[in-house]
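Note sheet for the following structure.
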Amino acid sequence: MRDVRRKTLRNGYTTGSAASAAAVAAYLRSAVPVRLRLPGGECLTVPVRRLLPDGAVVVKDGGDDPDVTTGCEVEVRLFPDPGPPGPADYQEEAGDLRLTVRGGPGVGVATRPGLAVPVGRAAINPVPRRMLAENLAAAGCRGEWLAEISIPGGAEIAEKTLNPRLGIVGGLSILGRSGIVRPYSHAAYAATVALQLRSCGANRVPVAALVTGNRTAAAMLRDFPELTPDAIVRIGDFIGVGVRAARTAGLPRLLVGCMAGKLFKYACGETNTHAHHCRMNLGRLREFGLETPGVLPESLETMGELAVRVPAACYRRILAELLLRATAVLQQWAGTKTRVEVILYGDDGKRWL
């Protein structure tokens, strides 16, 4: 029998973790590796490349996940008594620290609605901002400070990402909800997904769940007490692999937890939802007979943008129809012996449908 075991894929860390580590190193004036507290309570040790006169540099490492940002330098400069914030800045508080967070050269600015940051503000997402402030406070930082994040060459690197299409101009985004990059988009990860589902089948697990990441995993555990942690499989973009592996494994019931963007791609029949395999073509809403009053769907790039451009009741009707279509697509892949249920969650982890 062929050995189906694969080498363990190496995790990396996000641009948000890189920025947090650089900020702590800058405050401590030390180039030793920084131990960060992550949003989920885990700890992560991040190496520091070098100190600057007023800051520090950390190299982004995406692990075994193919990512054009791997190897870029994330610089953070710290200044006490920063004065009034600028229009693209953010204010964060942690303990006795009041922190202004600013995007410097190589960090993009949002120009379209529906993103995690408002139009006109630096593309530094909420979780990385909180993580930066909390880790600085834990290192002893007090009072009023400014943290300016820069990515040398970020504007050029961003041209190879989805940022220009999403409406983030001038650079990269500071991202990361967990602080860790897991190699969900790596081809070898698909084999791991299939292996986990075969194990569920071999152990006669009555119900398993496919989730796209940590938020949906936590939400499914909360909402479905019949699930065990071992029966939750993080598929990333490999929805086709996951559903068909569940069918092969003979699982009687399969839950699929996702958010609106993935739901749309499932409804379109995409087996791999990575952006390099399929783009977000919201013009297909017309094919589904769905109305977007006053909005040309083909002009939109994200479901978040759609959500802010159409009435709330209309958006909910669109989601309900997409849920039906996605369920029908996945059920066809799963066959007649595995019952599929799709559950839609919002960014806050609350169940929508």
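Here are a few things to note about the model shown:
- Residue among L254, L195 that alone is modelled with pLDDT of 90 or more and in contact with a helix residue (DSSP H, G or I) (Cβ under 9 Å, 6 or more places away or on another chain): L254
- Residue match in region 25-36 (condition: buried (at least 18 other Cβ atoms within 10 Å of the Cβ) and either modelled with pLDDT under 95 or on the phi > 0 side of the Ramachandran plot (or both)): no
- Pick from region 249-260, criterion surrounded by fewer than 24 Cβ atoms within 10 Å (Cβ to Cβ) and small (G, A, S), ranking: nearest to N214 (Cα to Cα): A260
- Single condition R215 does not satisfy, out of (1) part of a helix (DSSP H, G or I); (2) within 20 Å of K262 (Cβ to Cβ); (3) modelled with pLDDT of 90 or more: (3)
- Only listed residue being touching a helix residue (DSSP H, G or I) at 6+ places or on another chain (Cβ under 9 Å) and either touching a residue at least 12 places away in the same chain (Cβ under 8 Å) or over 26 Å from E159 (Cβ atoms) (or both), chosen from A31, A88, A25: A31
- Taken together, the criteria place G95 among residues that are in contact with a helix residue (DSSP H, G or I) (Cβ under 8 Å, 6 or more places away or on another chain), on the phi > 0 side of the Ramachandran plot and open to solvent by 40 Å² or more (accessible area, probe 1.4 Å).
- In region 200-248, residue farthest from the chain's Cα centre (by Cα) [restricted to those that are among the hydroxyl-bearing types (S, T, Y) and open to solvent by 10 Å² or more (accessible area, probe 1.4 Å)]: T248
- All positions within region 62-100 that are in contact with a Leu (Cβ under 8 Å, 6 or more places away or on another chain), modelled with pLDDT under 95 and among the β-branched types (V, I, T): T69
- Look at (1) hydroxyl-bearing (S, T, Y); (2) outside any helix (DSSP H, G or I); (3) at pLDDT 90 or above; (4) within 26 Å of R309 (Cα to Cα) and you find that Y266 fails only one, number (2).
- Residue within region 179-187 that is in a helix (DSSP H, G or I) and either β-branched (V, I, T) or under 22 Å from C268 (Cβ atoms) (or both) present: yes
- Filtering region 171-184 to residues that are surrounded by fewer than 22 Cβ atoms within 10 Å (Cβ to Cβ) and of a type outside the set (F, W, Y) leaves L175, R177, S178, I180, R182, P183.
- Residue in region 224-235 that is under 21 Å from D348 (Cβ atoms) and either small (G, A, S) or in contact (Cβ under 8 Å) with a residue 40 or more places away in the chain (or both) present: yes
- Selection from region 106-139 of residues that are farther than 30 Å from S299 by Cβ and over 21 Å from the mean Cα position of the chain (by Cα): L136, A137, A138, A139
- Between T45, T100, T111, T70, the distinction of being of a type in the set (S, T, Y), touching a strand residue (DSSP E or B) at 6+ places or on another chain (Cβ under 7 Å) and open to solvent by less than 30 Å² (accessible area, probe 1.4 Å) belongs to T100 only.
The values are calculated or read from the model by the stated rules, or taken from the named source; none is laboratory data. Quick caveat: nothing in here was measured; it's all calculated off a predicted structure. Heads up, the Cβs are rebuilt from the backbone with ideal geometry, glycines too, and the neighbour counts pull from every protein chain shown. For the accessible areas, the whole protein counts, side chains as well, though only heavy atoms, and no ligand, DNA or RNA atoms are used. Shrake-Rupley method; radii C 1.70, N 1.55, O 1.52, S 1.80 Å.
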